Each structure stands twice: as C-alpha cells, then as structure tokens.
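So the structure is just underneath, and the comments pick up after that.
The values are calculated or read from the model by the stated rules, or taken from the named source; none is laboratory data. All figures in this text were calculated on a predicted structure; none of them were measured in a lab. Positions of Cβ are backbone-derived with ideal geometry, glycine not excepted, and every protein chain shown enters the neighbour counts. Heavy atoms of the whole protein, side chains included, go into the accessibility calculation; ligands, DNA and RNA do not. Shrake-Rupley method; radii C 1.70, N 1.55, O 1.52, S 1.80 Å.
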Amino acid sequence: MVTTSSTANAQRSWELAARAGYAVSGVLHILIGVLALRVAFGSGGEQADQSGALSTISSTPFGAVVLWFSVVAFFALGAWQVAKAIHGRFGSGDSGERAKAAGRAAVYIALAFAALSFARGGGSDASTQTADLTAKLMAAPFGRILVGAVGLAIIGVGIYHVYKGWKKKFLQDLQRLPSGTAGPAVRRLGVLGYVAKGVALGIVGVLFVTAAVTADPSRSTGLDGALHTLRDQPAGVLLLVIVALGFVAYGVYSFVRARYGRI
C-alpha cells in the first residue's frame, strides 16, 4: 500500500513538473513575441528565437534560478512525452499519436539542453546552429535532398499549426476544462497563437528548402531568420507585428494549457 502511494505521489510530482514545462514554454513564446516586435520596429538586439528569449531570462536578477527551473520542467515534459510515445495512451495501434508524442519529446528535450547551456553560463546561437546543421546534412550523401525533406517536413508542421488554430482543434487538448467552458478569450488566444506560429514555422521550412535548392547552408537561419525575412517583404512590418502578437497570444494560451491541458 505504501509502495502504491509512493508511486502515485511520484507520478503526480512528475506530472506537475511536466505541466510546468508548458508554463515555461509560454514565457519563452511571450519573450520571442516581444523580441519579434523589436525586430519589426528596428530596435532588436537579441535574436527573436529561443536563444534570444533564454538570453533575456539569463540577464534578469533571478535568471539563473528560472533557467534551472526551466531545465527541470522541460526535461520532465520531454520524458513524459517519451513515455507516451513508448507506452501510448491513445488506444491501440494509434501510431500517429505516438509519432506526435515522439516529436514533442524531441522539441522539449532540445529546449531543456538549450536552457541548460544558458544556466551553466554558456549560451547558444540558434541561427548559427541551424546553418551548421544544414551544412553537415548537405555534406552527407544525398544531403541536399535531406535538407529539402527537412524543410518540407517543417512546412507540414507549420500547416498543421495553422489548421489546428483555424479549426480550433487545440480545444481538444484542454481535457481538464469542462466541455464547452473555454471562453472566447481562450479561443482567440489559441487561434491567433497557433496560426501565427504556423506561419513562422512555414517560413522556416521555406528557408530550408531554399538552402537545399541553392546549395547554400547559410540560407537556413531558423526562426530569427524567418522573422527577419518576413519583415523584409511588402507590408512585412505589419505582418511581423501580427505574428509577434500571435507568439505572445500562444504564450498566454500555454499557461491555460499548463493548467487544463492534457500532457
């Protein structure tokens, strides 16, 4: 009986830590949105991506504490997704949901390592890392095809985010919220957040495809490069402001998901 109780308490603690991962993700998205607004108006110093957001956190008085908390939360959420991918909680034979869980696990564990780098006093340049990774892929056999495939996959993820936001499919994630009680504010945050993030991911994917077509790894510059590319288009400043506000909206929605969402 004691063993059963201890196991339940341990799982509950793990779940709380995993939910904190969504909250930390919300903070990062809000900071990325703020940094993107600075890019839009030409006052940006930090990169408008996760490395810029983590750098901003590290410069605050309690930044080290927040970063170590982020490491634990992201690792917990990543490990939870690994467990879902292995054991499954979606019904028998649902390989699609297992694949999504595996993909989410990779994202959150990567964020955990990025936060760890900043927590230990280091840092990372996401744009440079993306270009370096692209160069390594291109050096492999059929490298340009691999880079193009990565770009198409990212575009697909971006399209899925737009679809999930526009069709309000994200409401299915809020399982702990009584059915039909998600207010208009939550719906608007989710729609704007998912659509904006999808657009940004789509541009990231296009940059990968461009790098593959031109055999130029420097073209794939990650999220920061995608946002700068968007700004330089006709009406780009307005579009970037909308996307930036969308990232802020997604961040606020992430707090709702941390409390009420399934993990």
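Structural remarks
- For the range 134-151, 3J(HN,Hα) per residue [Karplus equation, 6.51 cos²θ - 1.76 cosθ + 1.60, θ = phi - 60°, Hz, x = Gly/Pro]: 4, 4, 5, 5, 5, 6, 7, x, 6, x, 5, 5, 4, 5, x, 5, 4, x
- Cα long-axis angle, helix 222-231 against the chain (0 to 90 degrees, to the nearest 10): 60 degrees
- Comparing Cα centroids, the range 44-64 and the range 95-125 end up 17 angstrom apart.
- Tensor-based shape of the chain (alpha-carbon gyration tensor, a/c under 1.5 rounded, otherwise prolate or oblate): rounded
- Accessible area in square angstrom per residue, the range 38-143, 1.4 angstrom probe: 52 Å²
- Remark: for residue pairs Lys84/Lys168; Lys136/Lys167; Lys100/Lys168, the C-alpha separation exceeds 30 Å in Lys136/Lys167.
- Rolling a 1.4 Å probe over the protein chains gives Arg144 an accessible area of about 120 Å².
- Average accessible area per residue (Å²) across the range 157-263 - probe 1.4 Å, nucleic acids and ligands excluded: 47 Å²
- Converting phi to 3J(HN,Hα) with the Karplus coefficients 6.51, -1.76 and 1.60 and the offset θ = phi - 60°, the range 26-32 yields x, 4, 4, 5, 5, 5, 4 Hz in sequence order, with x at every glycine or proline.
- A simple rule links phi to the HN-Hα coupling: the Karplus curve 6.51 cos²θ - 1.76 cosθ + 1.60 with θ = phi - 60°, which for the range 59-76 gives 7, 7, x, 10, x, 4, 5, 5, 5, 5, 4, 5, 4, 4, 5, 5, 5, 5 Hz, with x for Gly and Pro.
- Percent accessible area from carbon and sulfur atoms, the chain, protein chains only, probe 1.4 Å: 67 percent
- Note on the chain: helix-only mean residue ellipticity at 222 nm, from DSSP H runs of 4+ residues weighted -39500 (n - 2.57) and normalised by residue number, equals -27000 deg cm²/dmol.
- Residue order by solvent-accessible surface for Phe118, Phe113 is Phe113, Phe118, largest first, with ligands and nucleic acids left out and a 1.4 Å probe.
- For Asp49, net neighbour charge (Lys/Arg +1, Asp/Glu -1) across residues whose Cβ lies under 12 Å away: -3
- When only Cα pairs below 8 angstrom with a gap of at least 6 residues are kept, the chain shows a relative contact order of 28 percent.
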